[in-house]
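All remarks here apply to the structure that follows.
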Ligand SMILES: [Zn+2]
């Protein structure tokens, strides 16, 4: 699963938008950045709230707000022009207007986090999840609705509530304790942030990269070291496939939940990245060893975020690459990879009324239709390059060009970067063909040329098939 891009009207986010920045007027009073001092507190009734003091530099636009839906939980707003006294500010529709901010200002308020989580119950705004409060920063940080996208934002967080801390995927600020840093353009898309009780450890994910790993409180059958090894192994598999970990410093949170297996996972990126994964309390080491969810979510880190209509490529890539990445790392077998593809890819075929991948957002077409696109692309690239290049090279090329999950790219730009890396315009051509029309695919013919057949639940290989060599190289274990 993957959190899709929230709508945003920010200057600088849309590709090609031009945003000239007027000259700054220097002032000794306020820094040339947006700064938030946040305290996690308990209200009189024992509910978790955030007390926030924001400082805005000169030239800040007057209109301030939070993510749509979170406005009713912002309270006690007061504004002070640079060094002057506080003035209460009432909400005006869904915004707070602070004309003082043109010359630099401070804004203080409280955010009723726990109440918002209870009442909103939306992971893009605020929700409760297995005892954790989850709310991305733009839901609780009042921010200018018009910003200069490269302006620096720093968020310093302290907790006054015993055992409750914040864990966020927002990049850690260098040299400043408990402080996070991103740009003003990234703030409205900043990733999952959770408040609660955690055990934390930085975990190695290969290629000199670490992730911030957190286990939310709750009794688990698996030991902390088993859980850390699970996150690390998934990270290493993804690093080995791409040549590096896509977004070092990603926050990965294991959330104890019901069941005996790894459950639902979610990834969100912007100014850093977060992955939240439900792990059943009864999940044992062997279930962790067999898990695919962590690898699927980490693959999302290696591809740019796109609009909702392009979910099929984000999910399709993660669905298609996950078994292959695990096979390369020795985490699953060649037979299991093909068993999954041969039994599941038919879910991705167009049904009556289908209007192409871009215009048919059903579960089957988004996950397995996207995966089928990836299989067709992979085979076509390999056929045209005599198996010298593959979809692997395309996705590595996209990542190398800066297309990780924190980037907002168009589909065309990503496919151009992928095609440049393989030297054949397969992604662009296939997109034109399958994106906007219902095109049937003869899966049996594909299995035949690759030398694959099913006997019950057993996959039988035919090494005399015309593309048996391609099939073998797709799952070959890497040293
Ligand atoms: Zn996904």
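Points to keep in mind about this one:
- Residue within segment 288-304 that is touching a strand residue (DSSP E or B) at 6+ places or on another chain (Cβ under 9 Å), at positive phi and surrounded by 23 or more Cβ atoms within 10 Å (Cβ to Cβ) present: no
- Test: residue in segment 260-268 that is within 11 Å of the chain's Cα centre (by Cα) and on the phi > 0 side of the Ramachandran plot: no
- Looking across segment 38-60, the residues that are touching a strand residue (DSSP E or B) at 6+ places or on another chain (Cβ under 6 Å), over 17 Å from residue 162 (Cβ atoms) and buried (at least 17 other Cβ atoms within 10 Å of the Cβ) come down to 38, 52, 54, 55, 56, 57, 58, 60.
- Residue check, residue 371 within 16 Å of the ligand (Cβ to nearest atom), surrounded by fewer than 24 Cβ atoms within 10 Å (Cβ to Cβ) and in a helix (DSSP H, G or I): no
- Within the span defined as segment 331-341, every residue fails to be over 15 Å from the mean Cα position of the chain (by Cα), within 13 Å of the ligand (Cβ to nearest atom), buried (at least 21 other Cβ atoms within 10 Å of the Cβ) and at pLDDT 95 or above.
- The lone exception for residue 361 - which of (1) touching a residue at least 24 places away in the same chain (Cβ under 8 Å); (2) within 18 Å of residue 467 (Cβ to Cβ); (3) not in a helix (DSSP H, G or I) it fails: (2)
- Residues satisfying the stated conditions in segment 393-423, i.e. buried (at least 22 other Cβ atoms within 10 Å of the Cβ), over 15 Å from the mean Cα position of the chain (by Cα) and touching a residue at least 60 places away in the same chain (Cβ under 8 Å): 395, 398, 414
The values are calculated or read from the model by the stated rules, or taken from the named source; none is laboratory data. No experiment lies behind these values; they were computed from the predicted model shown. When we count neighbours, we look across all protein chains shown, and the Cβ atoms used for this are built from the backbone with ideal geometry, even at glycine.
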